[in-house]
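Engineer: Structure incoming, see below.
The values are calculated or read from the model by the stated rules, or taken from the named source; none is laboratory data. None of these values were measured; they are calculated from a predicted model. Using ideal geometry, Cβ is built from the backbone for each residue, glycine included, and neighbour counts are taken over all protein chains shown. Areas reflect the complete protein model, heavy atoms only, side chains present, ligands, DNA and RNA absent. Shrake-Rupley method; radii C 1.70, N 1.55, O 1.52, S 1.80 Å.
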Number of protein chains: 2
Amino acid sequence: MADINSPVEIGVTTGPIRGSRKVYVGARTGSGIRVAMREIDLEGGEPSVRVYDTSGPYTDPEAHIDIHAGLAPLRRDWIMARGDVEDYAGREVKPEDNGQLGPDRSGGVPQFPNAVKRPLRAKAGMNVSQMHYARRGIITPEMEYVAERENLGREIAADLIRDGESWGAEIPDVITPEFVRSEVARGRAIIPSNINHPESEPMAIGRNFLVKINANIGNSAVASDVAQEVDKMVWATRWGADTIMDLSTGRNIHDTREWIIRNSPVPIGTVPIYQALEKVGGIAEELTWEIFRDTLIEQAEQGVDYFTIHAGVRLPYIPMTAKRVTGIVSRGGSIMAKWCLAHHKESFLYEHFDEITEIMKAYDIAYSLGDGLRPGSIRDANDEAQFAELYTLGELTKRAWEQDVQVMIEGPGHVPMHKIKQNMEKQLEACGEAPFYTLGPLVTDIAPGYDHITSGIGAAQIGWYGTAMLCYVTPKEHLGLPDRDDVKVGVVTYKLAAHAADLAKGHPAAQVRDDALSKARFEFRWRDQFNLSLDPETAEQYHDQTLPAEGAKSAHFCSMCGPKFCSMKITQEVRDFAAKQNAATETFIAASEEEAEKGMAEMSAKFREVGNQLYVGAGDREHD
Amino acid sequence: MADINSPVEIGVTTGPIRGSRKVYVGARTGSGIRVAMREIDLEGGEPSVRVYDTSGPYTDPEAHIDIHAGLAPLRRDWIMARGDVEDYAGREVKPEDNGQLGPDRSGGVPQFPNAVKRPLRAKAGMNVSQMHYARRGIITPEMEYVAERENLGREIAADLIRDGESWGAEIPDVITPEFVRSEVARGRAIIPSNINHPESEPMAIGRNFLVKINANIGNSAVASDVAQEVDKMVWATRWGADTIMDLSTGRNIHDTREWIIRNSPVPIGTVPIYQALEKVGGIAEELTWEIFRDTLIEQAEQGVDYFTIHAGVRLPYIPMTAKRVTGIVSRGGSIMAKWCLAHHKESFLYEHFDEITEIMKAYDIAYSLGDGLRPGSIRDANDEAQFAELYTLGELTKRAWEQDVQVMIEGPGHVPMHKIKQNMEKQLEACGEAPFYTLGPLVTDIAPGYDHITSGIGAAQIGWYGTAMLCYVTPKEHLGLPDRDDVKVGVVTYKLAAHAADLAKGHPAAQVRDDALSKARFEFRWRDQFNLSLDPETAEQYHDQTLPAEGAKSAHFCSMCGPKFCSMKITQEVRDFAAKQNAATETFIAASEEEAEKGMAEMSAKFREVGNQLYVGAGDREHD
């Protein structure tokens, strides 16, 4: 292609999220491993709050970002040090990898300048999966990194009484590298980490760790979109996406994926059948095991961390979908169903599953066993087809585990609230506690345009019940392609759902951030309230639409009560009152009475300054 | 005031919601009562779908709307026919009713032209509450109206197997007027219906009826805002608000409220303590029973349908809030706490509760017993103060019931998911199954700017557990005053949460709309999909951002699968396959094979027309 090396302008958002600093915390094992986190400094002598950080080097002002060079290979040395991999001459990129069957109508996508030419794979007879190491009792740097990363806030939380309903999850007070190892060894958690994606920062997906979220991106086949998709990837991880799925279809899939992986600080997942289908011109019947296998190798060498494989869509299950309102809604599922029907044969994914597993273990790619028969409507939820497939996924999980390959299980879909728990229970039973990874579920079908919310409701619940990772849904679900703003809304909605699940499970440190934000709210530290929120920019912007920007940010009242009966002052009076009946607290009261006076003086001053609109408008936002 | 009669421009949104018609259904009792509903006509010979309609005459093209005249008094004749009311010279409007203490700085709000001068009240010794009639075995037209309104879709649903977990709710297959009467008689449902608000269309709030939602509005004290608040009220009911709370504070409260009530087709609630506080210049200590009582009469005569009364904030409970992270966050609660502390006396609301009830029964105003000590943060959820108040609300419920006055109970607030159910269980136990009315609850504190979602998650759950009405939260919660767009987002979010709750409870007709929309989605009837959604305008707008407007609306594929492996076609093939093993279905198959051919022909034509962007973009919106 003529323009294969034409320069491409790729801009991404960099710099710290407002109000926070990038910090690197040394693993307490003293191994020298440094774990990236985000620290939010607060006013008024409040201790700063550390939060989980998925944004990679892009939020580090010290980091040099060059999209054309890709990120530094954080894990490279760890991988090499294990001495069980070799590099080799990678598979040649063919025109059909980029969908160039006929004349190129796409305009083309430039090749990534530093595309890996000599990928790594396990030496003959070796298995490089984190599960394999874990089962042999080896604690890898990846496991150490995960332990430190997950321990966030555990020290502060140590003094707190743990509180929650974990539905059988076993979340320890402190996460040790050994705990991570044991969870990976028994298949209850995975650390997606293809040895050809050393740029990614290790993270765990499992019921006894923080609930994670995935964001989907995917190009359409014009050059400019490579820039757009790389930007979306960086943007999604900035707001909290723990993994990214590249669901690109059409042309230039191969090159687009290379740009994304080389610049991604989080694991990347794909659905290889999409690209395989492109290679046969979109005719499902013409798919073969050989073409699919070749596509797996192609993507394995690029560094894809997990593959969605719809091996559970078996020939006998397909008729079970005939009576459904919405039939088969999974693209991967429908491709396989079509293939099975066309050939009247069992799925080649099911037939060749152990061979697929052989490939997975040579690169440490994790399975994301796809739910090709998931329900696409409330009416179809929890039906025979769905659960028949689920139990087959359980059977495949055990087969993958026999070769020490990491597995997670994909789940629905559209499910009314009262049927959500059954999904979690059956999954745990059928799949031996392998991590569950669900899309929503949406709890009603009637709100297109708001399906980030209908699905956020289901996601928070199934996350509470034990789902390890939640696949986001954007406001455009069922309607169109999400833009940058939709991606952010989807990510923030799923972050709050995942956090709500952590709180309800009784995660020892989850509530630290809620408490800090609520204390800031109650003490009218507006900037702290913004900075502690999941989306500081939106919080401040909404606030400033009503209140004079600077005066109000230190005002000792808000639209909740107004200065005439500020709840802070009342609680102060309450404390005095309580104290009169309790000499023991005298001293604390004496101290805080002063503050109260000061606060009130400031308050009325500010009030004169901003006028009484605050107070008279108050009603709008509280139900009393 | 000079400008008291100056004209005011008030514009509201009128006309049908796109894709639907206003219909009036005669009660099957043959009483001649006509119940307003909305009918959505579908394409392809599909039966039209009837939905619950809160929008009043504003969506009826036949109706003459004149904001300066107010709505027609639908219930007037029913009220008069009972022969137990009398009109009388109403209380004179005083300057302080509009907050005109000193010189008027507000610019003033014009009086409503047809302000009621001779309000109605019960004749001496009479009780005009719906509960009183119900307990005497009388089925009122209001009860009949409610029965017809709630029965929506029950006929279609009759053939469906009921499915759900109702947590002890007793939802019948068909709602009869007698059922409504019995629910009101036992206090398990209320029909807020002040005899001085005959414009409102009867609706029920109760655990065995559809889950309802409330939207808060409230003015700030400048003339233009009267127009804004009336518009917000009409706008909120257009999108589904079942009741409106006018939380206006500051000046011109009285006149603003008159404009809102006279034009409102739904019950109006208020928090009278706000206005009482205005009358004493915002100094809580100076509140007296006499001033409060006078305010109740004032609002009763205007037609307020339910009052939030914080009579459960008792002196001994106040110290229990001293150790909280966020103390007292309810405005009404903090006013009363301040009063109690200042006087070191028991709340005058508690002391005079039976006198308040005397007033309520003379106008049929329902209690909304306020949760003044609700938690304002995750940390404070389900604490001693909250539940101490709840049990007092239970005691007051029984006292109100002794006089046959209708009661609902307000609930939190901020509650993590695992503590939500306990709120419902304790409320049912403490308050004898009186309807629960909750604000959210928010399931985390860390997402200001997205609290319609954090609260929508909690609202869907507590609605499922049995809460009868959900008070909406807008994206501006904690940050500022909601504008028109925020009001719509809040209402739609709560409609979907309430609907998700109805589905999970197993409401017999709830799923009819989900099934119709999903069938439309699967059959690519795009317009039907939009029209059946809670917000057709947003759904279509999002769709059109990606797809060519007209061509795509009849395209037999979507961004879910793309035409190359449209799930409709596959399901068709699946049906053929299934049929081969089942002669019984032969005929049905023969018929639908034709359609399939036709569909596919159309499909590929459309595909050529819109190009392959659909297909290649598909990945963006599905996780496989």
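Engineer: If A:VAL174 satisfies all but one of (1) among the hydrophobic types (A, V, I, L, M, F, W, C); (2) open to solvent by 10 Å² or more (accessible area, probe 1.4 Å); (3) part of a helix (DSSP H, G or I); (4) farther than 30 Å from A:VAL85 by Cα, what's the number of the condition it fails?
Structural biologist: Answer for A:VAL174: the failing condition is (3).
Engineer: To continue, here is another question. Could you check the stretch A:523-544 and list, in sequence order, the residues that are more than 17 Å from B:SER377 (Cα to Cα) and either part of a helix (DSSP H, G or I) or free of Cβ contacts under 8 Å to residues at least 60 places away in the same chain (or both)?
Structural biologist: Within the stretch A:523-544, A:ARG527, A:ASN531, A:PRO536, A:GLU537, A:THR538, A:ALA539, A:GLU540, A:GLN541, A:TYR542, A:HIS543, A:ASP544 qualify.
Engineer: Could you list, ordered by first residue, the pairs with Cβ atoms under 9 Å in which the first is in the stretch A:44-56 and over 29 Å from A:ILE244 (Cβ atoms) and the second is open to solvent by 10 Å² or more (accessible area, probe 1.4 Å) and of a type in the set (Val, Ile, Thr), at least 6 apart or interchain?
Structural biologist: Pairs that qualify, where the first residue is over 29 Å from A:ILE244 (Cβ atoms) and the partner is open to solvent by 10 Å² or more (accessible area, probe 1.4 Å) and of a type in the set (Val, Ile, Thr), are A:PRO47/A:ILE156.
Engineer: Could you count how many residues in the stretch B:214-264 are more than 9 Å from chain A (Cβ to nearest Cβ) and either hydroxyl-bearing (Ser, Thr, Tyr) or touching a Leu at 6+ places or on another chain (Cβ under 9 Å) (or both)?
Structural biologist: Residues that pass the stated criteria total 10.
Engineer: Does the stretch B:24-41 contain at least one residue that is more than 24 Å from B:ASP242 (Cβ to Cβ), free of Cβ contacts under 8 Å to residues at least 12 places away in the same chain and not in a loop (DSSP other than H, G, I, E, B)?
Structural biologist: Within the stretch B:24-41, none of the residues are more than 24 Å from B:ASP242 (Cβ to Cβ), free of Cβ contacts under 8 Å to residues at least 12 places away in the same chain and not in a loop (DSSP other than H, G, I, E, B).
Engineer: On to the next question. Given the residues A:GLU346, A:GLU395, A:GLU358, which is the only one that is of a type in the set (D, E, K, R) and either touching a helix residue (DSSP H, G or I) at 6+ places or on another chain (Cβ under 8 Å) or crowded, with 23+ Cβ neighbours inside 10 Å (or both)?
Structural biologist: A:GLU346
Engineer: Next question. Given the residues B:GLU351, B:GLU346, B:GLU358, which is the only one that is acidic (Asp, Glu) and either under 30 Å from A:ALA516 (Cβ atoms) or touching a residue at least 60 places away in the same chain (Cβ under 8 Å) (or both)?
Structural biologist: Matching residue, one of B:GLU351, B:GLU346, B:GLU358: B:GLU351.
Engineer: Here is a follow-up. Please go through (1) free of Cβ contacts under 8 Å to residues at least 12 places away in the same chain; (2) in a helix (DSSP H, G or I) for A:LYS398 and return the number of the only condition it doesn't satisfy.
Structural biologist: For A:LYS398, the failing item is (1).
Engineer: While we're here: Under the condition of being open to solvent by 10 Å² or more (accessible area, probe 1.4 Å) and among the basic types (Lys, Arg), which residue from the stretch A:444-489 is farthest from the chain's Cα centre (by Cα)?
Structural biologist: Among residues in the stretch A:444-489 that are open to solvent by 10 Å² or more (accessible area, probe 1.4 Å) and among the basic types (Lys, Arg), the one farthest from the chain's Cα centre (by Cα) is A:ARG484.
Engineer: A further question on this structure: Based on what the data block shows, is A:ASP159 over 16 Å from the mean Cα position of the chain (by Cα), surrounded by fewer than 24 Cβ atoms within 10 Å (Cβ to Cβ) and under 28 Å from A:PRO16 (Cα atoms)?
Structural biologist: Answer is no for this residue.
Engineer: For the stretch B:307-360, name all the residues that are at pLDDT below 95, within 7 Å of chain A (Cβ to nearest Cβ) and outside any loop (DSSP other than H, G, I, E, B).
Structural biologist: Selection gives B:ILE318, B:PRO319, B:THR321, B:ARG331, B:GLY332, B:SER334, B:ILE335, B:ALA337, B:LYS338, B:LEU341.
Engineer: Another question, then. Suppose the filter is assigned to a strand (DSSP E or B) and either open to solvent by 20 Å² or more (accessible area, probe 1.4 Å) or at negative phi (or both); does B:ARG121 pass it?
Structural biologist: yes
Engineer: Right, here's the next one. Being closer than 21 Å to B:PRO441 by Cα, facing another protein chain (nearest Cβ under 7 Å) and open to solvent by 10 Å² or more (accessible area, probe 1.4 Å) is true for just one of A:LEU496, A:LEU534. Which residue is that?
Structural biologist: After applying the criteria, what remains is A:LEU534.
Engineer: Conditions: (1) touching an Asp or Glu at 6+ places or on another chain (Cβ under 9 Å); (2) at the interface with another protein chain (Cβ under 7 Å from one of its Cβ atoms); (3) surrounded by fewer than 24 Cβ atoms within 10 Å (Cβ to Cβ). B:PHE522 meets all but one. Number of the miss?
Structural biologist: It is condition (1) that B:PHE522 fails.
Engineer: Going residue by residue through the stretch B:222-236, is there one that turns out to be of a type in the set (Lys, Arg), assigned to a helix (DSSP H, G or I) and open to solvent by less than 20 Å² (accessible area, probe 1.4 Å)?
Structural biologist: Yes, that holds for at least one residue.
Engineer: Continuing with this model, one more query. Looking only at the stretch A:401-431, which residues are touching a helix residue (DSSP H, G or I) at 6+ places or on another chain (Cβ under 6 Å), in a loop (DSSP other than H, G, I, E, B) and over 21 Å from B:SER166 (Cβ atoms)?
Structural biologist: Residues satisfying the conditions are A:GLN403, A:ASP404, A:VAL405, A:GLN406, A:CYS431.
Engineer: Right, something else. Going by the conditions given, is B:GLY99 modelled with pLDDT under 90, touching a Lys or Arg at 6+ places or on another chain (Cβ under 8 Å) and at positive phi?
Structural biologist: The answer is yes for B:GLY99.
Engineer: Now for a separate question. Restricting the search to the stretch A:265-301, which residues are among the charged types (D, E, K, R), in contact (Cβ under 8 Å) with a residue 24 or more places away in the chain and within 12 Å of chain B (Cβ to nearest Cβ)?
Structural biologist: Matches in the stretch A:265-301: A:GLU278, A:GLU285.
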